[in-house]
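Beneath this line is the structure, given in structure tokens, with notes to follow.
The values are calculated or read from the model by the stated rules, or taken from the named source; none is laboratory data. What you see is a predicted model; the values in this text were computed from it and never measured. Positions of Cβ are generated from backbone atoms using ideal geometry, with glycine treated the same way; all protein chains shown enter the neighbour counts.
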Amino acid sequence: MGDTSMDTDVVIAGAGPTGLMLACELRLAGVDVVVVERLAERTGESRAGGMHSRTLEVLDQRGVLDRFLAAGEVTPVAHFSGLWLDFAGFESRHPLPLMIVQSTIERLLEEWAAELGVRVRRSSEVSGIRQDGAGVTVELGTATGTAPATVRGRYLVGCDGGRSTVRKLAGIAFPGTPATMTSLLADVELPDLPEDYIFARRCETGYFSVFALEPGWHRVITSEYDRVADRDDTVTFEQVREALIRLAGTDYGMHNPRWISRFSDAARQAARYREGRVLVAGDAAHIHFPAGGQGLNIGVQDAANLGWKLASVVRGPAPESLLDSYHDERHPVGERLLHNTRAQVALARPGAQTDALRDVFSSLLVFDEVNEYLRGMITALDIRYPVDGGHPLAGRRVPDADLKTPDGATRVYELLHAARPVLLDLRGSAEVAAAAEGWAGRVDLVEARSEDDNWTVPAAGEIPAPAALLIRPDGHVAWAAAPGGALDTSALRTALTTWFGPALPEFMGREGLVRTPSA
């Protein structure tokens, strides 16, 4: 599988949500992974506070969602710059965001990674990289003062945050816009809050929020415009108190801070997500103001897009050029993320002109089309990758339709638990199996019947259930055939070749080689 001179197939820098999710995706495909993390242990800091619909679907596709649902709370709190979005009739089994702090997300992902055999090396900070035609040698400094070490892999993925060392060492530019404001965050005890929840209360110079994080603890966030702090300065509890007093006129008796942080609206994106055998994902690829709680979610979705592609290249026979589609598909998503968070920052700026703009914008949200557009953007359910084919499902995430197979009832996402491509035949056509016979062992052929005549797709509406479709491991549709008429098996074979490598001659003309998983 790998070069014998390699320590591992893939080195991942960073044991945050993006890095851990990517490690799990690779291990599901049988790829050997080492995660290197500069911290000696998880910090326990709460950090990001939730997961949106598409991320919940990704976890559902892997069969681990219940772990996260048990540790969080589903609640309708999604917004655009503090203006509430309506989730009534949302086209997902998981329409509402899950409130769950990042520290818990990381713990659950690390537990899953351990079950899958992921190796995590802590107290190991990337200090240098050397690429060659076969792999990447990663130099590691240590926080304990022990001698530096190296680890070598066929590929290196930087999931090491906004100040990514991997990105810098790979020479990947990080253009964007500088900060125009400063936000402070603190998890504190707050005895004098007169109400349970203060959400984005706008003031003369900015806005503030206060809400219960967990029993006994509140999160305070202050945002002040035209006040830019040096990103390297230490943030103090007194600074948070002073900022809240400036905005709210009181500090509500805050004391006993558990965690303090500072962030801004600086927005930057990696010029390219791949440089040879080095790739970047999550905050290493894009930073932005955390409006709408999108950052962690986009990082996990980066990992879901990259994982199966990298595994296909490492294990073969997919060509290395498949990795270029990671940039082609995810860079526009990151670009849109920066665009909409910049818009949200502008829409929250204090002043009479912005007040008028918010009033107009709020009045537009009563229209279903506007609300649907914004919630699709925030949740990432409306993403459509540039996949060939004219079917409405091509490039979109597949709906989690109810199915009936010879083994019993199931649903589409249950077919994706193994992180393998699925060729779903809903018409029982021998043409489908014949077209896919050269991809035995790489693609699961499933014959089923849809329980619904029509499927609902965000941004596409209601469409007839397809006759057949090819689903990538990340849950996006690579090819689909409309019901009725002849199947375009040539287009199917093209899609199979594009995404999963060429047909293998030794499998051609042989029967029973495409595995059908049980329900």
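Worth a mention:
- Residue match in the range 296-310 (condition: under 21 Å from the mean Cα position of the chain (by Cα), surrounded by 22 or more Cβ atoms within 10 Å (Cβ to Cβ) and without any contact (Cβ under 8 Å) to a residue 24 or more places away in the chain): yes
- Evaluation of residue 265 against the conditions (1) more than 21 Å from residue 15 (Cα to Cα); (2) buried (at least 23 other Cβ atoms within 10 Å of the Cβ); (3) of a type in the set (D, E, K, R); (4) out of contact with any Ser or Thr (no Cβ under 7 Å at 6 or more places or on another chain) shows that the sole unmet condition is (4).
- Failed item in (1) assigned to a loop (DSSP other than H, G, I, E, B); (2) buried (at least 21 other Cβ atoms within 10 Å of the Cβ), with residue 155 passing the rest: (1)
- Among the residues of this structure, residue 139 counts as one that is part of a strand (DSSP E or B) and surrounded by fewer than 18 Cβ atoms within 10 Å (Cβ to Cβ).
- Scanning the range 346-383 for residues that are touching an Asp or Glu at 6+ places or on another chain (Cβ under 8 Å), more than 21 Å from residue 265 (Cβ to Cβ) and not in a helix (DSSP H, G or I) turns up 365, 381.
- Residue check: residue 463 meets all listed conditions (1) farther than 30 Å from residue 21 by Cα; (2) among the aliphatic types (A, V, I, L, M); (3) modelled with pLDDT under 95; (4) over 28 Å from the mean Cα position of the chain (by Cα) but one, namely (4).
- Residue among 60, 3 that alone is at pLDDT below 95 and either over 27 Å from residue 415 (Cβ atoms) or crowded, with 20+ Cβ neighbours inside 10 Å (or both): 3
- One residue stands out in the range 392-411 among those that are part of a strand (DSSP E or B) and out of contact with any strand residue (DSSP E or B) (no Cβ under 6 Å at 6 or more places or on another chain): the one that is nearest to residue 447 (Cα to Cα), namely 405.
- Residue check for residue 221: modelled with pLDDT under 90 and of a type in the set (Val, Ile, Thr): no
- Among the candidates 190, 169, 156, residue that is more than 20 Å from residue 254 (Cα to Cα) and either touching a helix residue (DSSP H, G or I) at 6+ places or on another chain (Cβ under 9 Å) or not assigned by TED's automatic domain parsing to the domain that holds residue 103 (or both): 156
- Test: residue in the range 78-97 that is among the small types (Gly, Ala, Ser) and touching a His at 6+ places or on another chain (Cβ under 9 Å): yes
- Residue pairs whose Cβ atoms lie under 9 Å apart, sitting 6 or more positions apart in sequence or on different chains, and linking a residue in the range 166-189 that is without any contact (Cβ under 8 Å) to a residue 12 or more places away in the chain to a partner that is assigned to a loop (DSSP other than H, G, I, E, B) and not polar (S, T, N, Q), are 168/174.
- Filter pass, residue 416 being within 22 Å of residue 94 (Cβ to Cβ), surrounded by 21 or more Cβ atoms within 10 Å (Cβ to Cβ) and modelled with pLDDT of 95 or more: yes
- Answer from 29, 40, 48 - the residue that is at pLDDT below 95, surrounded by fewer than 22 Cβ atoms within 10 Å (Cβ to Cβ) and touching a Leu at 6+ places or on another chain (Cβ under 9 Å): 48
- Subset of the range 209-257 that is polar (S, T, N, Q) and under 13 Å from residue 187 (Cα atoms) - its residue that is surrounded by the fewest Cβ atoms within 10 Å (Cβ to Cβ): 256
- Residues in the range 370-400 that are among the β-branched types (Val, Ile, Thr) and at positive phi: none.
- Of the residues in the range 75-82, none is closer than 26 Å to residue 410 by Cβ, touching a strand residue (DSSP E or B) at 6+ places or on another chain (Cβ under 7 Å) and surrounded by fewer than 20 Cβ atoms within 10 Å (Cβ to Cβ).
- Filter result for residue 435 (farther than 26 Å from residue 304 by Cα, in contact (Cβ under 8 Å) with a residue 40 or more places away in the chain, buried (at least 21 other Cβ atoms within 10 Å of the Cβ) and touching a Leu at 6+ places or on another chain (Cβ under 7 Å)): yes
- Qualifying residue in the range 43-62 (condition: more than 19 Å from the chain's Cα centre (by Cα) and of a type in the set (A, V, I, L, M)): no
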